[in-house]
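First comes the structure, then the notes that go with it.
The values are calculated or read from the model by the stated rules, or taken from the named source; none is laboratory data. Everything quoted here is computed from the prediction, not taken from an experiment. With ideal geometry, Cβ positions are generated from the backbone for all residues, glycine too; neighbour counts draw on all protein chains shown.
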Amino acid sequence: MPGYVDLKDDDRALQLLRLLADGDVHSGEKLGNLLGISRAAVWKYLQHLIVLGIDVKSDKGRGYSISGGLSLLSAPSIKSLLDATAKPLVEEIDIFYQIESTNSHLMQKKSSSGCVCLSESQTGGRGRRGRHWFSPFAKNIYFSVGWEFEGGVAALEGLSLVVGLVIVKALATFGLSDILLKWPNDVLYNNKKLGGILIELAGDPAGNCKAIIGIGLNVEMNPEQVANSAIDQPWIDIKSIAEEVALVRVPSRNEIVAAILNQLMPMLKNYQQLGFEFYRGEWMRSMAFLEREVVLSHGVTNKFGVLRGVSSSGALCLLVGGQEELVHGGELSLRLLK
Ligand code: BTN
């Protein structure tokens, strides 16, 4: 059984996945007939789907199904939902079934400005502080967008904070409100992690550089899978928030990605000109733990203080022993003291 499966568009396993995506039970015979292959070959391709982490149920005498079905990512669907401002700024949308990391894919591309990369799963998804990003198949959103900036990395300070704000605004369009931002890069709901942002930079630190903006958002996590993962902090997904706030319908991943792109692309186009300062007031309104006692950790070093907000460049403003201190980004982690 292969350990890595790349479902190319002509692959039988992909055709099988599309047939099973409706969630119904399909007999091996029917699947074989539709694909023009034997039942034994159907079984072989089903193993490819299982390797990808897809929960294929086998019902003796009846056939195979994916319980609950799967709604797959689709570039045409996403494109059809882009508004007139965002559409011309999106060069291409690449969707993979499995990839090491959507960020790495765009990083390796020669020209990635305006390129969007999504994957149904990642084998080496990266989080901040060298962490692994749990990326099970077709459940969540893993996507990256490339953008080229002139004027060096200094002009990009605060960019990842604004990406968080873009996510908050995009989710609000579906009625998903009360989502907060934990400095510098976490998206929270009820103090539980809903998503995160990882921006990676390459090029000339003082001149032209490219930013790869990586976004991971939990849409429908499987608690059993999470229990077997390395996730060690409280988490939440869009599906549970939608149930909690009694949304009529959980937005699809295609709709969420399009809503984020509709906010993200114009923001990227104007960021160098506007800078973080333009977004500061709005960002503070979505800031988690404001005026609360917090602890900021850097490795084994802890700093205790009261969270006062962010500066015009996006640095964290902390009241420590009566003095305000500014903390710039880095390998830092912030949590509530109590
Ligand atoms: C965090 O640690 O909170 C940031 C997580 C960022 C994960 C996303 S998923 C898509 C993109 N590709 C990666 O390898 N990482 C980012």
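A few remarks follow.
- Any hit, segment 3-20, residues being at pLDDT below 95, within 23 Å of the chain's Cα centre (by Cα), farther than 26 Å from LEU261 by Cβ and among the β-branched types (Val, Ile, Thr): yes
- From the options GLU224, GLU220, GLU291, residue that is within 16 Å of the ligand (Cβ to nearest atom), among the charged types (D, E, K, R) and either more than 28 Å from CYS115 (Cβ to Cβ) or not in a helix (DSSP H, G or I) (or both): GLU220
- GLY114 touching an Asp or Glu at 6+ places or on another chain (Cβ under 6 Å) and modelled with pLDDT under 95: no
- Within the option set VAL145, VAL163, VAL187, being surrounded by 23 or more Cβ atoms within 10 Å (Cβ to Cβ) and farther than 30 Å from ILE66 by Cβ holds for one residue only, VAL163.
- Taken over segment 245-288, the criterion of being assigned to a loop (DSSP other than H, G, I, E, B), touching a residue at least 24 places away in the same chain (Cβ under 8 Å), surrounded by fewer than 19 Cβ atoms within 10 Å (Cβ to Cβ) and of a type outside the set (Val, Ile, Thr) is satisfied by LEU247, SER252.
- In segment 298-338, the residues that are surrounded by 14 or more Cβ atoms within 10 Å (Cβ to Cβ), modelled with pLDDT of 90 or more and of a type in the set (Gly, Ala, Ser): GLY305, GLY309, SER311, SER313, GLY314, ALA315
- Unmet requirement for ALA211, which otherwise passes all of (1) small (Gly, Ala, Ser); (2) in a loop (DSSP other than H, G, I, E, B); (3) surrounded by 13 or more Cβ atoms within 10 Å (Cβ to Cβ): (2)
- Applying the set (1) under 20 Å from LEU261 (Cα atoms); (2) within 16 Å of the ligand (Cβ to nearest atom) to THR173 leaves exactly one unmet item: (2).
Here's the yes/no breakdown for (1) at pLDDT 95 or above; (2) farther than 17 Å from TYR279 by Cα; (3) away from the ligand (no atom under 16 Å from the Cβ); (4) of a type in the set (Phe, Trp, Tyr):
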{"position": "GLY152", "(1), (2), (3), (4)": "no, yes, yes, no"}
{"position": "ILE167", "(1), (2), (3), (4)": "yes, no, no, no"}
{"position": "SER177", "(1), (2), (3), (4)": "no, yes, yes, no"}
{"position": "LYS182", "(1), (2), (3), (4)": "yes, no, no, no"}
{"position": "LYS193", "(1), (2), (3), (4)": "yes, yes, no, no"}
{"position": "GLY203", "(1), (2), (3), (4)": "no, yes, yes, no"}
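- Count of segment 14-37 residues, restricted to those that are over 10 Å from TYR64 (Cα atoms) and touching a residue at least 40 places away in the same chain (Cβ under 8 Å), is 5.
- Filtering ALA206, ALA202, ALA211, ALA242 for residues that are hydrophobic (A, V, I, L, M, F, W, C), more than 28 Å from THR85 (Cβ to Cβ) and more than 13 Å from the chain's Cα centre (by Cα) leaves a single hit, ALA206.
- Look at (1) of a type outside the set (Lys, Arg); (2) closer than 25 Å to ALA242 by Cβ; (3) within 14 Å of the ligand (Cβ to nearest atom); (4) free of Cβ contacts under 8 Å to residues at least 60 places away in the same chain and you find that GLY130 fails only one, number (2).
- Test: ILE37 is within 22 Å of ILE256 (Cβ to Cβ), at pLDDT below 95 and surrounded by 15 or more Cβ atoms within 10 Å (Cβ to Cβ): no
- A single member of LEU274, LEU247, LEU319, LEU326 is over 19 Å from PHE143 (Cβ atoms) and in contact with a Lys or Arg (Cβ under 7 Å, 6 or more places away or on another chain), and it is LEU319.
Each row is one residue, and each column tells you yes or no for (1) away from the ligand (no atom under 16 Å from the Cβ); (2) within 20 Å of LEU31 (Cα to Cα).
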position: LYS44; (1), (2): yes, yes
position: HIS48; (1), (2): yes, yes
position: GLY63; (1), (2): yes, yes
position: ILE66; (1), (2): yes, yes
position: GLY69; (1), (2): yes, yes
position: ASP83; (1), (2): yes, no
position: ALA86; (1), (2): yes, no
position: GLN108; (1), (2): no, no
position: CYS115; (1), (2): no, no
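- Strands (runs of 3 or more DSSP E) enclosed by segment 64-149 - at least 3 residues per element that are of a type outside the set (A, V, I, L, M, F, W, C): 141-149
- Test: residue in segment 85-96 that is aromatic (Phe, Trp, Tyr), more than 29 Å from VAL116 (Cα to Cα) and surrounded by 14 or more Cβ atoms within 10 Å (Cβ to Cβ): no
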